[in-house]
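Worksheet for the structure shown next.
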Amino acid sequence: MSTRRRLTKEERRAVYEKMGGHCAYCGCKLRYSDMQVDHVVPLNGYSVQGPDELDNMLPACRSCNHYKASASLEGFRKLVENMPYALARDSVTYRNAVRFGLVEPKPHHVVFYFELMEGGDRA
């Protein structure tokens with residue numbers, strides 16, 4: 001298991017600025033103090049291990065960072081795209097909300113915020 005190096009204040013600020021104060025995945029606005037640094041290619045990924053370098057780091061909200069965990073970018077995309085099916089399978093409340101028209105599932109290809117900021121879909 002790789003150990004993470006401690007980022008300097010300047011490095012942490014540089015990661016935060018990459019997305020203008022937004023989560024690289026969902027695009028929510030982040031306070032600097034709430035930002036988590038995500039390794040796009042995980043240091044301890046299941047099949048590929050990424051470098052502990054700034055080029056492999058993006059700002060993330062706590063929710064996205066924890067949900068992504070050690071998944072690859074495409075693995076994380078598939079997890080997010082599968083959410084409507086997982087909710088329908090696992091949540092009676094969700095199924096009832098759909099039945100009553102309160103929620104409308106809209107499965108679609110997920111494009112992450114950082115991909116939109118780069119000018120397109122990388123998938």
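All of the numbers you see were taken from the coordinates with simple rules; none came from a lab. Being a predicted model, the structure only gives us computed values, none of them experimental. Methodologically, a virtual Cβ is constructed for each residue, glycine included, from the backbone with ideal geometry; neighbour enumeration extends over all protein chains shown.
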- Could you count how many residues in region 4-22 are touching a residue at least 24 places away in the same chain (Cβ under 8 Å) and either part of a helix (DSSP H, G or I) or of a type in the set (S, T, N, Q) (or both)? 5
- Would you point out which residue out of Ser47, Ser91, Ser33 is polar (S, T, N, Q), out of contact with any strand residue (DSSP E or B) (no Cβ under 6 Å at 6 or more places or on another chain) and touching a residue at least 12 places away in the same chain (Cβ under 8 Å)? Ser47
- Selection from region 90-123 of residues that are surrounded by fewer than 13 Cβ atoms within 10 Å (Cβ to Cβ) and either touching a Gly at 6+ places or on another chain (Cβ under 9 Å) or of a type in the set (Gly, Ala, Ser) (or both): Ser91, Gly101, Leu116, Gly119, Gly120, Ala123
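Could you please find all residues in region 23-39 being surrounded by fewer than 20 Cβ atoms within 10 Å (Cβ to Cβ) and not in a loop (DSSP other than H, G, I, E, B)? Let's see the steps before the verdict.
Just the residues of region 23-39 that are surrounded by fewer than 20 Cβ atoms within 10 Å (Cβ to Cβ), to begin with: 26-29, 31-34, 36-37.
Once the filter is applied, which keeps residues that are surrounded by fewer than 20 Cβ atoms within 10 Å (Cβ to Cβ) and not in a loop (DSSP other than H, G, I, E, B), region 23-39 yields Lys29, Tyr32, Ser33, Asp34, Gln36, Val37.
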- Quick one: which helices (runs of 4 or more DSSP H) lie wholly within region 53-123 and hold at least 2 residues that are closer than 15 Å to Ala24 by Cβ? 62-68, 73-81, 113-117
- Within the set of pairs 6 or more residues apart or between chains, which connect a residue that is under 17 Å from Val111 (Cα atoms) inside region 55-73 to a residue that is in a helix (DSSP H, G or I) and of a type in the set (Lys, Arg) with Cβ atoms less than 9 Å apart? Ala60/Lys68; Ala71/Arg77; Ala71/Lys78
- Going by the structure shown, is Ser63 among the small types (Gly, Ala, Ser) and touching a Gly at 6+ places or on another chain (Cβ under 6 Å)? no
- For Leu87, work out the one condition from (1) within 17 Å of Cys23 (Cβ to Cβ); (2) surrounded by 16 or more Cβ atoms within 10 Å (Cβ to Cβ) it doesn't fulfil. (1)
